1. For residue 98, indicate whether it is closer than 23 Å to residue 11 by Cα, more than 13 Å from the chain's Cα centre (by Cα) and without any contact (Cβ under 8 Å) to a residue 24 or more places away in the chain.
2. Applying the selection to the range 104-131, what residues are within 19 Å of residue 5 (Cβ to Cβ) and touching a helix residue (DSSP H, G or I) at 6+ places or on another chain (Cβ under 7 Å)?
3. For the range 104-129, give me each residue that is farther than 19 Å from residue 64 by Cβ and part of a strand (DSSP E or B).
4. Count, please, the residues in the range 60-86 that happen to be surrounded by 16 or more Cβ atoms within 10 Å (Cβ to Cβ) and without any contact (Cβ under 8 Å) to a residue 12 or more places away in the chain.
5. If you go through the range 104-127 one residue at a time, how many are touching a residue at least 40 places away in the same chain (Cβ under 8 Å) and within 28 Å of residue 51 (Cα to Cα)?
6. Mind listing just one residue for me: the one in the range 19-47 that is loosely packed, with under 15 Cβ neighbours inside 10 Å and within 26 Å of residue 131 (Cβ to Cβ) and, of those, nearest to the chain's Cα centre (by Cα)?
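Just so it is clear, none of the values below were taken in a lab; they were calculated from the coordinates. Worth saying up front: this structure is predicted, and the values here are computed from it rather than measured. Glycine gets a Cβ as well: all are built from the backbone with ideal geometry, and neighbour counts include every protein chain shown.
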């Protein structure tokens, strides 16, 4: 099964490069888009809101970014009236239990993945998504 769109929202250029290569190597994702901060991604999201096929299927979201961080993105994301289920994962280097607890309060968050994430975690993410 192919997954049409995955969005990586993270300002770490090295991590996004590695993650994009890892996602591409699994050969499941049709389109992988990278956004440097939550604002860029949210702007794109609002542009394609009515075009279901352009909306992401999966979002991998960092928490600590400039302009609009992951928490601000989540607040705005939860307010959207989406007619498509978007699976959202937090991908963060934070091991702070408060961050994990805060993330659990967002109904849109499927899981909290701690960086660095490996191929096995991506494969599990795909298995969960396609189950």
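1. So residue 98 passes the test.
2. 108, 109, 113, 122, 123, 126
3. Passing the criteria: only 110.
4. 0
5. Residues that pass the stated criteria total 4.
6. Pass one, the range 19-47, residues loosely packed, with under 15 Cβ neighbours inside 10 Å: 21, 24-27, 30-31, 43, 46-47.
Those still in the list that are within 26 Å of residue 131 (Cβ to Cβ) too: 21, 24-27, 30-31.
Values: 21: 16, 24: 15, 25: 18, 26: 17, 27: 18, 30: 15, 31: 13 Å.
Per the stated criteria, the residue is 31.
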